[in-house]
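Visitor: Below: one structure in structure tokens.
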Ligand code: GLY
């Protein structure tokens, strides 16, 4: 006959055993996806050296974000860590290395969103803030406004103690030549660079919170204070813990008209579509309007996907399950 003390000990153990099995099922899972722009990225148009350089840059940015998440950091910090690196890298059209406006300036746009609270911050047309993504975050954290532009945004940056640089910091010879070619040959922005080097990141942290951020110089030869989708919350950037986090890259006018980033999360939330179905459907919609580009999306469950209608997209993803990959061309 089993002793009472042994029976009590077994009863005490039973709930513990089932709790630890449940814990394993619900184990925190982090996930990260990044992009550095989409466009006519074909193997034949890229030297082996360039390809190595782009892959290394994507890997460094991915590693920076993955490090934050693997150490228990927030999705917001991971997104910022990725984008700060890409803004400093002249290969991408954000921060240093941004494209030139028609008037020969670099005007930068950026936005960030927190999926837990749906707090958001965005800036457009800044010319002296080294890391526009940090300025977008400062706007979000300040909380009084969502979207600041131009001189006012720069005054706000100075008040918040963000790093200010001379406008020349962002200028590169390669981008200046693209503008000169565009003007000399009377080309459209897409002819000189059908490659949208906007950068972005989306993440789910181990607490289950999502964040998204995007940063860009816009389009070569932009005029009249043109602003694309990147700083427009709901077009270039969206995060909602109930569905997904999205960052877009592409021909901004079409991404605004399709409300891309919000539309993907809304389809998941309201039409119960999978993250890949929702992303593909919205990119198809952009294509039908005449637009090109792509998105990175992380779902509330941590699935990280890409969708694009161009021959390539600079991209990468990493998860706590061991996925860690960067890619450039379609089909990789
Ligand atoms: N997607 C970047 C822009 O159109 O400005």
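The values are calculated or read from the model by the stated rules, or taken from the named source; none is laboratory data. Here the structure is a predicted model, which is why all the values come from computation and not from measurement. All Cβ positions, even for glycine, are placed from backbone atoms using ideal geometry, and neighbour counts span all protein chains on display.
Visitor: When you check residue 164 against the structure, is it within 16 Å of the ligand (Cβ to nearest atom) and modelled with pLDDT of 95 or more, yes or no? Steps first, answer last, please.
Guide: Working: within 16 Å of the ligand (Cβ to nearest atom): no; modelled with pLDDT of 95 or more: yes.
No; evaluated as a whole, the condition is false for this residue.
Visitor: Within segment 82-99, does at least one residue satisfy the condition of being surrounded by 24 or more Cβ atoms within 10 Å (Cβ to Cβ), out of contact with any strand residue (DSSP E or B) (no Cβ under 7 Å at 6 or more places or on another chain) and closer than 25 Å to residue 150 by Cβ? Spell out the reasoning first.
Guide: At the first step, the residues of segment 82-99 found to be surrounded by 24 or more Cβ atoms within 10 Å (Cβ to Cβ) are 82-83, 86-87, 92-95, 98-99.
Those left that are additionally out of contact with any strand residue (DSSP E or B) (no Cβ under 7 Å at 6 or more places or on another chain): 99.
Subsequent filtering for residues that are closer than 25 Å to residue 150 by Cβ retains 99.
Yes; the residues of segment 82-99 include at least one that is surrounded by 24 or more Cβ atoms within 10 Å (Cβ to Cβ), out of contact with any strand residue (DSSP E or B) (no Cβ under 7 Å at 6 or more places or on another chain) and closer than 25 Å to residue 150 by Cβ.
Visitor: Based on this model, can you work out whether residue 180 counts as at pLDDT below 95 and either more than 16 Å from the ligand (Cβ to nearest atom) or at positive phi (or both)? Reasoning before the result, please.
Guide: Working: at pLDDT below 95: yes; either more than 16 Å from the ligand (Cβ to nearest atom) or at positive phi (or both): yes.
In short, yes.
Visitor: Can I ask one more? Which residue out of 218, 287, 236, 291 is touching a residue at least 12 places away in the same chain (Cβ under 8 Å), farther than 30 Å from residue 72 by Cβ and near the ligand (Cβ under 9 Å from one of its atoms)?
Guide: Working: 287 fails: near the ligand (Cβ under 9 Å from one of its atoms); 236 fails: farther than 30 Å from residue 72 by Cβ; 291 fails: near the ligand (Cβ under 9 Å from one of its atoms).
Answer to the check: 218.
Visitor: Further question: In segment 185-194, is there at least one residue being within 24 Å of residue 59 (Cβ to Cβ), in contact with a strand residue (DSSP E or B) (Cβ under 8 Å, 6 or more places away or on another chain), within 16 Å of the ligand (Cβ to nearest atom) and at pLDDT below 95? Don't jump to the end; show me each part of the working.
Guide: Of all residues in segment 185-194, those within 24 Å of residue 59 (Cβ to Cβ) come to 193.
Checking the rest, the ones that are also in contact with a strand residue (DSSP E or B) (Cβ under 8 Å, 6 or more places away or on another chain) come to 193.
This time we only want the ones that are within 16 Å of the ligand (Cβ to nearest atom), so: 193.
Okay, now just the ones that are also at pLDDT below 95, so 193.
The answer is yes; a qualifying residue exists.
Visitor: Which residues, taken from segment 294-327, are over 24 Å from residue 241 (Cα atoms), modelled with pLDDT of 95 or more and away from the ligand (no atom under 16 Å from the Cβ)?
Guide: 325, 326, 327
Visitor: Surrounded by fewer than 18 Cβ atoms within 10 Å (Cβ to Cβ) and assigned to a strand (DSSP E or B) - does that describe any residue in segment 315-324?
Guide: Yes, that holds for at least one residue.
Visitor: Read through the list (1) in contact with a strand residue (DSSP E or B) (Cβ under 7 Å, 6 or more places away or on another chain); (2) within 16 Å of the ligand (Cβ to nearest atom); (3) assigned to a loop (DSSP other than H, G, I, E, B), then give the number of the only condition that residue 118 fails.
Guide: (2)
Visitor: Among the residues of segment 76-108, write down those that are closer than 11 Å to residue 130 by Cα, away from the ligand (no atom under 16 Å from the Cβ) and not in a helix (DSSP H, G or I).
Guide: 96
Visitor: What are the residues in segment 266-301 that are assigned to a loop (DSSP other than H, G, I, E, B) and surrounded by fewer than 20 Cβ atoms within 10 Å (Cβ to Cβ), if any?
Guide: Here is the first cut: in segment 266-301, the ones assigned to a loop (DSSP other than H, G, I, E, B) are 271-274, 290-292, 300-301.
Scanning segment 266-301 gives 271, 272, 273, 274, 290, 301.
Visitor: Please verify whether segment 248-262 includes one or more residues that are crowded, with 24+ Cβ neighbours inside 10 Å, part of a helix (DSSP H, G or I) and more than 8 Å from the ligand (Cβ to nearest atom).
Guide: Yes - at least one qualifying residue is present in segment 248-262.
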